[in-house]
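Encoded as structure tokens, the structure appears first; notes follow it.
The values are calculated or read from the model by the stated rules, or taken from the named source; none is laboratory data. If you're wondering where the values come from, they're calculated on a predicted model, not measured in any experiment. Note that each Cβ is placed from the backbone with ideal geometry, even for glycine, and that neighbours are counted across all protein chains shown.
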Amino acid sequence: MSMNHVIGQHFFIGISGHTLTQEEKSFIVDNNIGGVVLFGRNVAEPKQVWELCHEIQSLRHKMADKAPLFIGIDMEGGRVHRLKSPFTQWPAAKKLGDLDAPTVSFHLANRLGLELQAVGINLDFAPSVDVLTNPANTVIGDRAISSDPEMVAKHVSAIIRGFIKSGVLTCAKHFPGHGNTLLDSHLDLPVEQSDLARLESLELIPFKKACKARVDMIMTSHIKFPNIDPEWPVTLSEIFIQKIIRDEFRYRGLVITDDLGMKAMSDNYGVEEIPVRALKAGVDLLLYCNEPNVPPQALEAVLGAVAQGSLDKNTLQNSYQRILDVKKAKLASFGALPLTDALNVVGNPEHLKIAAAVAKGEIPDGLLPEHG
């Protein structure tokens, strides 16, 4: 496997529309790109989403290692909800915390996962594991399950298990917790004064629980904690990624960055510095959501860093293997349903009933216990 193809597998990119352009197809195939993230601009009705996922996955046969691609989306429920009706419109995570019935959290995540799986989406950038410690934080707000870390941990565990049962991969975000910030990292780099003792006693509790529940990915936040790492924000920090996620949590899954095009990154670090530094810090996947001209530059920068010896080839090789292992274990047998079956799963009456009850603060009728 050429170094270019090893590097490409670390990239997770956005696309422009409802179908792939010729340039996008060529870029994905030629560079052995690891995954594609879908946004509102990429999704219309279920049939189109199904066809787009099929089109993306069919590229694998022309790619260097023929591995399935990650196809990820933000479907947390509430305002972070990329798939519109007739997909079931799920309530915000806070509603699950308010109900405080982990069985309901399990079933809701399971049904949400089944709709994603039906159309071919194999990864949800959820759950949001943030503890809402700052009530004035509108960036997170009702995306958080609760302001109580133990409550968040309990429901996060149920949500991850619900997704696992549906076959869809999960991603705990935004490590080590975005619940205390006022600044939006889309616009600026938040700086938090918390020290490690504070994170251990609060924000890290649900992340540890997510790891125990076998979450597939952890997403790093673009927040700077000068009392823990005076130099780098979390996404670029070996202290956070190697020492905390890998050594302390003993986490063996994948670490993915939040969108590297956010101003917290792009206003403070160079386009070529960001991916090299993130990989050096220990992330596995580099997420680029919106700027089509940036991934090619980033790829070149990483290739250059390897050639100059400033980025260790073995580290990349190990990370590449970790990515392929997850794909082999989780995605080898994953596939969208046949279109007619998929259309019956999307917006299924039982799903609508569960979503409506939770939105009203009621426990849905007839849900069996988790393992029923």
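Every condition in (1) closer than 30 Å to Gly335 by Cα; (2) within 18 Å of the chain's Cα centre (by Cα) holds for Pro176 except the one numbered (1). Count of the stretch 86-109 residues, restricted to those that are surrounded by fewer than 19 Cβ atoms within 10 Å (Cβ to Cβ) and closer than 20 Å to Ile140 by Cα, is 3. The condition (being at positive phi and among the charged types (D, E, K, R)) is satisfied by just one residue among Asp30, Asp74, Asp100: Asp100. Residues that are in contact (Cβ under 8 Å) with a residue 40 or more places away in the chain and surrounded by fewer than 16 Cβ atoms within 10 Å (Cβ to Cβ) were ranked within the stretch 255-283; the one that is nearest to Gly14 (Cα to Cα) is Lys263.
How about the stretch 249-263: which of its residues are closer than 24 Å to Leu324 by Cα and not hydrophobic (A, V, I, L, M, F, W, C)?
Arg250, Tyr251, Arg252, Gly253, Thr257, Asp258, Asp259
With respect to the conditions (1) part of a loop (DSSP other than H, G, I, E, B); (2) in contact (Cβ under 8 Å) with a residue 40 or more places away in the chain, Ser147 lacks only one, and its number is (2).
Residues checked against (1) part of a helix (DSSP H, G or I); (2) at pLDDT below 95; (3) under 26 Å from Arg277 (Cα atoms):
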position: Met1; (1), (2), (3): no, yes, yes
position: Leu20; (1), (2), (3): no, no, no
position: Glu24; (1), (2), (3): yes, no, yes
position: Arg41; (1), (2), (3): yes, no, no
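Taken together, Leu286, Leu311 contain a single residue that is touching a helix residue (DSSP H, G or I) at 6+ places or on another chain (Cβ under 8 Å), outside any helix (DSSP H, G or I), crowded, with 19+ Cβ neighbours inside 10 Å and without any contact (Cβ under 8 Å) to a residue 40 or more places away in the chain, which is Leu311. Only residues that are outside any strand (DSSP E or B) and within 27 Å of Val271 (Cβ to Cβ) were counted across the stretch 197-242, and they come to 20. Whenever a residue of the stretch 330-352 is within 15 Å of Ile71 (Cβ to Cβ), its partners that are of a type in the set (A, V, I, L, M) and in a helix (DSSP H, G or I), lying with C-beta atoms within less than 7 angstrom and at least six residues away or across chains, give the pairs Ala336/Ala118; Ala336/Val119; Ala336/Ala342; Leu337/Ala118; Leu337/Val345; Ala342/Ala118; Ala342/Val119. Selection of the stretch 220-239 for residues being of a type in the set (A, V, I, L, M) and buried (at least 24 other Cβ atoms within 10 Å of the Cβ) yields Ile223, Val234, Leu236.
When Val358 is tested against (1) farther than 28 Å from Met217 by Cα; (2) touching a Lys or Arg at 6+ places or on another chain (Cβ under 8 Å); (3) touching a residue at least 40 places away in the same chain (Cβ under 8 Å), only condition (1) is not met.
Candidates are the residues of the stretch 160-187 that are part of a loop (DSSP other than H, G, I, E, B) and in contact with a helix residue (DSSP H, G or I) (Cβ under 6 Å, 6 or more places away or on another chain); the one that is nearest to Cys211 (Cα to Cα) is Pro176. Do we have any residue at all in the stretch 45-68 that's part of a loop (DSSP other than H, G, I, E, B), surrounded by 23 or more Cβ atoms within 10 Å (Cβ to Cβ), modelled with pLDDT of 95 or more and in contact with a strand residue (DSSP E or B) (Cβ under 8 Å, 6 or more places away or on another chain)? Within the stretch 45-68 (the criterion being part of a loop (DSSP other than H, G, I, E, B), surrounded by 23 or more Cβ atoms within 10 Å (Cβ to Cβ), modelled with pLDDT of 95 or more and in contact with a strand residue (DSSP E or B) (Cβ under 8 Å, 6 or more places away or on another chain)), the answer is no, since none of the residues qualifies.
Collect the residues in the stretch 314-358 that are of a type in the set (Phe, Trp, Tyr) and not in a helix (DSSP H, G or I), keeping them in residue-number order.
First pass over the stretch 314-358, keeping only residues of a type in the set (Phe, Trp, Tyr): 320, 334.
The one that is of a type in the set (Phe, Trp, Tyr) and not in a helix (DSSP H, G or I): Phe334.
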